[in-house]
1. Can you pull the one-decimal nm distance between simple spin-label points at residue 23 and residue 67, each 7 Å off the Cα toward Cβ?
2. Say each of residue 33 and residue 75 gets a label point 7 Å from the Cα, pointing the same way as Cα to Cβ; how far apart are those two points in nm?
3. Can you give me the P(r) profile for region 8-72? Cα pairs, bins 10 angstrom wide beginning at 0, each as a whole percent.
4. Order the peptides 46-57, 69-80 from the highest to the lowest mean number of other Cβ atoms within 10 Å of their residues.
Amino acid sequence: MPQAHFYSKPTSVYWTCKALLDQRTISQLTQIQNVKGWRLGAIIHRLKHEYGWPICTEYRQPDGMALYSMPPDTDRAKLRFPKSAKALGVVEGCE
């Protein structure tokens, strides 16, 4: 049986990258509402550890929900992107 369903959908990865680059603070709840995704923690972990994104994590009280954001001074041109979000790495005016 294929196990592809255990990995994040490309739309969820793209949405997560775009939301962070748009300086949004996101949580699992916002991902569910926007793209019906359930793997935000896994996507964030991969972006931080495999792609080196400087993602900040804050835990909301009292429920402990994780809120994720990027520092405002993050240089998009220096980020590495997952395959499904490569288009977000294109900087206008550059080839």
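1. 1.6 nm
2. 3.4 nm
3. Pairs per bin, as whole percents: 22, 60, 17, 0.
4. Values: 46-57: 14.7, 69-80: 12.0.
Going by the mean number of other Cβ atoms within 10 Å, highest first, we get 46-57, 69-80.
Every read-out reported here was derived from the displayed coordinates using simple, explicitly stated rules and does not represent laboratory data. From a predicted model like this one, the values you see are computed outputs, not experimental measurements. Positions of Cβ are generated from backbone atoms using ideal geometry, with glycine treated the same way; all protein chains shown enter the neighbour counts.
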